[in-house]
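Worksheet: one structure, shown below.
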Amino acid sequence: EFVLYHDQYVRKEDAAIDMEDRGYNFGDGIYEVVFVYSGKSFAMNEHFERFISSAAKLEMQLPFDAPRFVELTEGLIEKNSLRDGMVYVQMTRGASPRNHLYERDMKCLVTGFTREMKPPEQLHQDGIRVYLTDDIRWLRCDIKSLNLLGNTMAKRQAADHNCQEAILHRDGTCTEGSSSNLYIVKDSVLQTHPANNLILNGITRQAILKIAHEKGIEVKEEPFTVKDLAAADEVFISSTTMEVTPVIQAAGQLDAEYQIGSITRSLQNGLKKKIYGSEFI
Ligand code: PMP
């Protein structure tokens, strides 16, 4: 099993990281997760477009252009003979004597690894429980940065309450999940938070909105409240690893139960179709 280290494939134990790497000291870096199905990556180009946009927002200099990133990542999948699973790629600003002030011309460090895993089909079928809690994160959630404490703390809380995902709200406005985007359906209208600084614009989210348009489902990219969440007909989350996963129950600051509805199923099938190239279920 190999890892990506700069532009080389090396054994994990041979990849030395400097103790003063800014990713390690400050979380000064970005990442992407791409899913691989039967040896084929899904939406690789879209993921690297976002990676490059995250880098630009943090004034990080890319050591490679987008096609080279894709090539190195596809190469790692091949090198590790990954059939089903994910590939993780991150880039930190690199190493320098610890100082909050960053220089703009630092040599960034790219690393990556693969992991075998299957999509959670049982959860796609049965749905999950979510835990509603405050969104305590910073105001640049549009950047896919390594700083994830607001996300990891919420996820821990959710798990402690027997929930598979945390749903976050800012003063009563639902933003997204701790590692997913959030959607409600009310009177056959699909609603999700607009892609601004308060959420990560998921690659899966973008695919789902496209599928919804193709299927003639009405879409509102507008903020909605915890009250709206409570009154929703259908609720689901999306991400690279979770695809479309229905929500059947909410706990924490909200106590609600939901049926898995036809719009959720239709979008779930639409996404599977895009991924596998044929109708699912
Ligand atoms: N929001 C957050 C906070 C996330 O961490 C993720 C998953 N990385 C998503 C949304 C979903 O993004 P994607 O569909 O690109 O995986």
Among the residues of the range 257-277, which ones are of a type in the set (A, V, I, L, M, F, W, C) and more than 16 Å from the ligand (Cβ to nearest atom)? ILE260, ILE263
Specify the residue that is nearest to MET117 (Cα to Cα); the eligible residues are those in the range 237-256 that are near the ligand (Cβ under 10 Å from one of its atoms) and among the polar types (S, T, N, Q). THR241
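Looking for something without any contact (Cβ under 8 Å) to a residue 24 or more places away in the chain and not acidic (Asp, Glu) - is there at least one such residue anywhere in the range 26-38? Walk me through it before giving the result.
Narrowing the range 26-38 to residues without any contact (Cβ under 8 Å) to a residue 24 or more places away in the chain: none.
Taking every residue of the range 26-38 in turn, none turns out to be without any contact (Cβ under 8 Å) to a residue 24 or more places away in the chain and not acidic (Asp, Glu).
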In this structure, does GLU32 turn out to be in contact with a His (Cβ under 7 Å, 6 or more places away or on another chain) and not in a helix (DSSP H, G or I)? yes
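Answer with yes or no whether GLU257 is surrounded by 20 or more Cβ atoms within 10 Å (Cβ to Cβ), within 23 Å of THR173 (Cα to Cα) and of a type in the set (D, E, K, R).
On the way: surrounded by 20 or more Cβ atoms within 10 Å (Cβ to Cβ): no; within 23 Å of THR173 (Cα to Cα): yes; of a type in the set (D, E, K, R): yes.
For GLU257, the condition - surrounded by 20 or more Cβ atoms within 10 Å (Cβ to Cβ), within 23 Å of THR173 (Cα to Cα) and of a type in the set (D, E, K, R) - is not met.
What is the residue count in the range 72-96 for residues that are assigned to a helix (DSSP H, G or I) and within 21 Å of the chain's Cα centre (by Cα)? Before you say what the answer is, go through the steps one by one.
Looking only at the range 72-96, we keep the residues that are assigned to a helix (DSSP H, G or I), and these are 72-79.
Next, from what is left, pick out any that are within 21 Å of the chain's Cα centre (by Cα): 72-74, 76-77.
Count: 5.
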So for the range 212-232 (the condition being within 16 Å of the ligand (Cβ to nearest atom), touching a Lys or Arg at 6+ places or on another chain (Cβ under 8 Å) and in contact (Cβ under 8 Å) with a residue 24 or more places away in the chain), does at least one residue qualify? no
Residue tally, condition closer than 19 Å to THR92 by Cβ and away from the ligand (no atom under 11 Å from the Cβ), over the range 148-168: 1
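Yes/no per residue for (1) crowded, with 21+ Cβ neighbours inside 10 Å; (2) modelled with pLDDT of 95 or more; (3) closer than 28 Å to LEU139 by Cα:
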position: HIS6; (1), (2), (3): no, yes, no
position: VAL10; (1), (2), (3): no, yes, no
position: GLY27; (1), (2), (3): no, yes, yes
position: TYR31; (1), (2), (3): no, yes, yes
position: PHE35; (1), (2), (3): yes, yes, yes
position: ALA43; (1), (2), (3): no, yes, yes
position: ILE52; (1), (2), (3): no, yes, yes
position: PRO97; (1), (2), (3): no, yes, yes
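Could you check the range 260-281 and list, in sequence order, the residues that are surrounded by 13 or more Cβ atoms within 10 Å (Cβ to Cβ) and among the polar types (S, T, N, Q)?
Correct list: THR264, SER266, GLN268, ASN269.
Looking at the range 190-208, which of its residues are among the hydrophobic types (A, V, I, L, M, F, W, C) and either more than 16 Å from the ligand (Cβ to nearest atom) or surrounded by 21 or more Cβ atoms within 10 Å (Cβ to Cβ) (or both)? If you could, list the steps in order and put the result at the bottom.
From the range 190-208, those among the hydrophobic types (A, V, I, L, M, F, W, C) are 190, 195, 198-200, 203, 207-208; that's our starting set.
Answer for the range 190-208, where residues must be among the hydrophobic types (A, V, I, L, M, F, W, C) and either more than 16 Å from the ligand (Cβ to nearest atom) or surrounded by 21 or more Cβ atoms within 10 Å (Cβ to Cβ) (or both): LEU190, ILE199, LEU200, ILE203, ALA207, ILE208.
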Filtering the range 1-29 down to residues that are among the aliphatic types (A, V, I, L, M) and assigned to a strand (DSSP E or B) yields VAL3, LEU4, VAL10
Just to check your reading of the model, which residue among ARG50, ARG83, ARG104, ARG98 is touching a residue at least 12 places away in the same chain (Cβ under 8 Å), in contact with a Leu (Cβ under 9 Å, 6 or more places away or on another chain) and of a type in the set (D, E, K, R)? ARG50
Suppose we filter ASP171, ASP187 for residues that are more than 14 Å from the ligand (Cβ to nearest atom) and free of Cβ contacts under 8 Å to residues at least 12 places away in the same chain; which single one remains? ASP171
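The values are calculated or read from the model by the stated rules, or taken from the named source; none is laboratory data. This is a predicted model, so every value here is computed, not measured. Counting neighbours? That spans all protein chains shown, and the Cβs are built from the backbone with ideal geometry, glycine included.
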